[in-house]
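Encoded as structure tokens, the structure appears first; notes follow it.
The values are calculated or read from the model by the stated rules, or taken from the named source; none is laboratory data. Please read these numbers as outputs of a predicted model, since none were measured by experiment. Counting neighbours? That spans all protein chains shown, and the Cβs are built from the backbone with ideal geometry, glycine included. Note: areas computed on protein heavy atoms with side chains; ligands, DNA, RNA excluded. Shrake-Rupley method; radii C 1.70, N 1.55, O 1.52, S 1.80 Å.
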Amino acid sequence: MKLALLSLFTLTLSILVFAGDTTTVRIHDHTDMTWYGNYDEWGLLPDSTNDYRKIYLHYTMGCATGGCSDWDYTTQIFARHRTGEVDTAFNEIIENYELARVITPYGSSLDNNWQFTTTFDITDFMQILRDSLEIRCHYSGWSSGFSATLDFEFIEGTPARDLVKIENIYSGNYNYTSSNDFETNKLVPKKLLIEQNSTAAMIKMISTGHSFDNNINAAEFNPVNYHLKIDGTQTHTQYNWDDDCGENPIYPQGGTWIYNRANWCPGKRAQTFDHEITPYINSGDSIEINIDFDSFSWNPHPGTSCPIQGGVCYNGGLGQTPVYIIDCQLFQYESPNFSNSAEIIDIIKPSLKDEHSRKNPICGQPLIKIRNYGSAPLTTLKIEYKVVGGATNSYNWTGNLAFLETEEVELPNLNSWTGSDNIFEVTLKNPNGQTDEYDANNSMQSEFATVPEYPESFVLWFKTNNGAVGGLSESSWKFLDQTGNILLASGGLAPNTQFKDTVDFLPGCYTFLVEDTDEDGLDFWANSDGSGMVRFRGNEGPILKSFNPDFGSNIIHQFRIAGSLSSNELSNSDNWEIFPNPTKHNIVIEGNSDNKTELSIINNLGKIVFTTNLNNAEFISETIDISHLKNGLYFLQITNSKNRITKKIVKQ
């Protein structure tokens with residue numbers, strides 16, 4: 001049943017046109033998400049006049065006006081597509097298509113002005129991303145809060161293939177009471193028609209597991225596979241798990257941020273899995289689509305024993321039922337638009353993108369991501385790269401990428417990182433030794449920051465904590481040259497021991513790598529390993545660099561040796577460090593004091609709850625017991641004859 005509908009709404013938009021072929025529309029501008037529910041806003045997107053080769057959604061999450069929530073909640077971004085149809089009760093039929101999913105970080109230690117941008121390629125949804133459109137931000141949180149800013153970027157051009165149709169297969173929250181119920185009543189097989197003009201198809205799947213208060217900590221901490229079946233034949237198997245939480249770019253966090261989970265980590269995007277099913281379709285015929293999850297059994301905890309977090313069992317001791325949040329769509333396409341073409345889709349290093357912050361800045365080998373944009377296999381490619389205004393470098397890549405397959409490519413070191421600006425540029429040329437049929441997506445630029453510089457000789461201070469395997473510390477360190485060769489290495493270290501090693505380098509680019517085999521760093525609140533530390537200090541004493549010991553899996557830090565600079569020239573006035581932070585008991589305050597340094601701890605009402613004076617002009621390490629203070633946010637104020645510095649402390 002069709003019905004012409006007139007909607008009254010408030011239209012909020014911001015359109016910016018630049019570079020001649022790109023349009024940016026903002027829908028949701030720091031929308032506060034303060035309680036469980038939906039936050040809807042309309043915007044005006046480009047119409048169907050032009051073709052677009054790429055559509056990005058830049059999702060900037062920030063703290064709500066009253067600050068960030070302490071907990072990890074699911075946020076989802078939906079396009080609310082008006083179908084023009086009504087149901088039998090004459091209600092307008094609206095189809096919700098999920099464009100993005102990001103889990104909020106544990107926000108207790110984040111500044112109120114914190115924000116983080118995650119970029120999603122949503123080109124496949126172009127058919128519904130037109131004209132006036134309502135965009136929904138869904139927030140699953142039960143406390144305030146976070147904010148959402150959504151920027152839609154439309155880049156004109158020809159897509160790899162033209163979209164014919166998009167439709168939902170599964171969409172919702174599905175309780176896993178048992179395997180039989182989940183497959184029989186929740187993820188039931190769906191029969192869908194392949195259009196006459198469709199020659200290709202792909203299934204897109206986002207699935208995250210939640211709840212943990214049961215005997216196997218499912219579904220949040222229970223790794224499983226799901227299996228895609230087309231007409232009863234299993235075509236794909238996907239591990240529904242994120243095992244990189246310890247390398248989270250938002251760190252440290254207040255909660256169990258390092259624990260790997262069912263396809264999510266606090267603060268990160270949920271992974272989207274694309275499954276090409278073109279070999280299994282026939283134009284004009286129907287297909288049956290079915291997704292099965294690995295079978296598992298769960299029970300409530302015996303008694304009132306509740307692991308992981310919380311300490312109190314849910315539902316009067318019955319625990320939590322595992323639940324999966326699933327959104328799955330079928331996309332149908334026409335044939336590829338090009339036979340021989342390559343695309344640059346990301347510059348990972350060097351980059352200023354939030355998502356790549358743990359890998360940057362660099363002075364060594366760049367890392368990019370390429371994609372085959374043509375139907376013919378991509379086997380060779382010339383890659384030219386440089387700093388804008390500097391000398392051009394080239395690299396001949398070889399491989400074997402099928403249509404739309406991607407690969408991360410590490411490029412050889414640049415001959416020079418000098419140029420007219422701190423902008424890195426990559427250009428792809430001659431795919432398969434031939435002219436690229438579509439070169440509009442062959443080039444990309446990335447702004448970057450320069451790495452720190454240190455003197456030729458400095459001291460590495462490294463204190464291990466109690467975490468040990470086989471009598472040796474879980475943590476170790478290495479220094480690598482610019483080609484990845486190991487120059488210096490700690491080897492096995494004794495636990496709970498402080499080491500001071502003087503390291504000497506020639507001028508050049510180096511990488512400092514710290515690894516922790518248990519992926520819980522040198523200071524993590526949810527274990528009994530105690531605290532360690534890592535820092536660079538000049539031979540004369542000043543701190544050159546202090547690393548946060550709550551680092552999860554690793555520290556990757558690139559730097560240059562400056563040559564004739566002394567450590568005093570490279571030190572800065574704000575060299576004070578606080579650790580551990582957050583803390584339950586003690587904090588350690590370290591820095592260069594003068595004869596008139598005062599340390600004060602102030603609560604959030606402005607009352608001084610601790611003060612002490614330091615009367616020595618030297619490097620100090622002061623341990624303060626704050627176990628008697630109430631949990632919450634405090635401010636450490638450091639006042640001396642030159643300046644006043646304020647830092648946050650979180651007492652847990």
Inset, instruction - Report, to the nearest whole %, how much of the accessible area of the chain belongs to carbon and sulfur atoms, 1.4 Å probe, protein only. - result: 46 percent
Inset, instruction - Show the residues, 5+ positions off or on another chain, whose built amide H is closer than 5 Å to the amide H of K165. - result: Q332
Legend entry - Rounded FRET efficiency, nearest 0.05, which uses the C-beta distance separating S179 from A391 and R0 of 51 Å: 0.25
Legend entry - Convex hull volume of the stretch 109-196 per residue (C-alpha atoms, cubic angstrom): 209 Å³
Legend entry - H81 accessible area, assembled protein chains, probe 1.4 Å, Å²: 50 Å²
Inset, instruction - Take the Cα pairs of the chain, get the Kirkwood Rh, then feed it into Stokes-Einstein at 20 °C and 1.002 mPa s and tell me D in µm²/s. - result: 77 µm²/s
Inset, instruction - May I ask for log10 I(q)/I(0) of the stretch 151-251 at q = 0.10, 0.14, 0.24 Å⁻¹, from a Debye sum over the Cα atoms as equal point scatterers with solvent left out? - result: -0.45, -0.83, -1.45
Legend entry - Virtual spin-label span in nm between N38 and K630, 7 Å along Cα→Cβ: 3.9 nm
Inset, instruction - Send over the per residue convex hull volume for the stretch 304-461, Cα only, as a whole number of Å³. - result: 207 Å³
Legend entry - Cross-link pairs K386/K429; K190/K369; K349/K647 - those with Cα-Cα distance over 25 Å: K190/K369; K349/K647
Legend entry - FRET efficiency, 1/(1 + (r/R0)^6) with R0 35 Å, evaluated for T65 and F499 via beta carbons: 0.15
Inset, instruction - Mind jotting down a quarter of the surface of the convex hull over the alpha carbons of the stretch 452-495, in square nanometres, one decimal? - result: 4.1 nm²
Inset, instruction - Go through S627, N225, T65 and say which Cα lies farthest out towards the positive end of the charge dipole of the chain; charges sit on Cβ, +1 for Lys and Arg, -1 for Asp and Glu. - result: S627
Legend entry - Helical contribution to [θ] at 222 nm, DSSP H n ≥ 4, -39,500 (n - 2.57), averaged over the chain, rounded to 500: 0 deg cm²/dmol
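What number comes out for accessible area per residue over the chain if the probe is 1.4 Å? Units Å², please.
Ligands and nucleic acids excluded, the figure is 43 Å² per residue.
Given +1 on the Cβ of Lys and Arg, -1 on the Cβ of Asp and Glu, and no further charges, what dipole in debye does the chain carry about its Cα centre, rounded to the nearest 20?
Magnitude of the dipole: close to 1220 debye.
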Inset, instruction - Using only C-alpha positions, report the orientation-averaged shadow area of the convex hull of the stretch 408-507, nm², one decimal. - result: 10.7 nm²
Inset, instruction - Quick one: which residues, 5+ away or cross-chain, put their amide H under 5 Å from the amide H of A468? H built at 1.01 Å from N. - result: E474
Legend entry - Kirkwood Rh, angstrom, the stretch 202-253 [1 / mean 1/r, Cα pairs]: 13.4 Å
Inset, instruction - Using a 1.4 Å probe and ignoring any ligands, DNA or RNA, find the accessible area of M533 and quote it in Å² to the nearest 10. - result: 10 Å²
Inset, instruction - Calculate, for D121 and N615, the FRET efficiency according to 1/(1 + (r/R0)^6) with r their C-beta to C-beta distance and R0 56 Å; round to the nearest 0.05. - result: 0.45
Inset, instruction - Using a 1.4 Å probe and ignoring any ligands, DNA or RNA, find the accessible area of T392 and quote it in Å² to the nearest 10. - result: 80 Å²
Legend entry - Residue list for the stretch 379-417, given a label point 7 angstrom along the Cα-to-Cβ vector of D244 and an amide N cut-off under 20 Å: 404-412
Legend entry - V188 versus F90: modelled label distance in nm, points set 7 Å from Cα along the beta carbon direction: 2.9 nm
Legend entry - Built amide H within the under 5 Å cut-off of Q482, gap 5+: C509
